[in-house]
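Down below is the structure, laid out as C-alpha cells.
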Amino acid sequence: MENKISDLLTTVNPPECSTSDQNSTQLDDDMVMVQEVATKCPYTGKEMRDPVKNIHCKHNYDREGITAAMKLRKGKTRCPVPGCVNDKPISTSDLEENHELRLYIDKKNRQHDKKNRKM
Ligand SMILES: [Zn+2]
C-alpha cells in the first residue's frame, strides 16, 4: 500500500511544477527587455531606427538624430547622455553601426505589432 501511494505522488507533482516555472520565466524576460536596453535616441527622444554607437563611450544614437545635431553645431556636438565622461566632439568617424541593437529594435517592433493586432 505505501509504495502505491508514493508512486501516485511523484507522478502527479512534476507537471504542475514545470508549468508554473515556465510562466514566471516568460514574465521575467519581458521585464528585462524593457529595462536593460535603451532604444530611444538621446538627441531626438524618439525610438531609434538606424542606431549608431559612439566608439569612445559606447552610447547609442539614432543616425538621423546625431547627423542633424552634428550639422547644426558644426563639429561641436558632444555626447548628450547625462553623466557621460566622454567630452570629445563627435565626428562621423567616431560612429559605427550597431547591428546588435538594430536587430533588437526590429525584434521589439515586431512584438509590439503583434500586441497591437491582438487589441
Ligand atoms: Zn556617451
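Annotations for the structure displayed:
- Matching option when the condition is modelled with pLDDT of 95 or more and not hydroxyl-bearing (Ser, Thr, Tyr), among Asp87, Asp50: Asp50
- Taking (1) in contact (Cβ under 8 Å) with a residue 12 or more places away in the chain; (2) out of contact with any helix residue (DSSP H, G or I) (no Cβ under 7 Å at 6 or more places or on another chain); (3) of a type outside the set (D, E, K, R) in turn, Ser93 satisfies each apart from (1).
- Filtered by the rule that a residue be surrounded by 13 or more Cβ atoms within 10 Å (Cβ to Cβ), within 14 Å of the ligand (Cβ to nearest atom) and either among the charged types (D, E, K, R) or in a helix (DSSP H, G or I) (or both), the range 66-96 gives Ile66, Ala69, Arg78, Asp94.
- The range 38-50: number of residues that are over 21 Å from Asp94 (Cβ atoms) and assigned to a loop (DSSP other than H, G, I, E, B): 2
- Taken across the range 51-59, residues that are in a loop (DSSP other than H, G, I, E, B), touching a helix residue (DSSP H, G or I) at 6+ places or on another chain (Cβ under 9 Å) and in contact (Cβ under 8 Å) with a residue 40 or more places away in the chain do occur, with at least one present.
The values are calculated or read from the model by the stated rules, or taken from the named source; none is laboratory data. Everything numeric here is computed off the predicted structure, so don't read it as measured data. In this analysis, Cβ positions are derived from the backbone assuming ideal geometry, glycine residues included, and neighbour counts consider all displayed protein chains.
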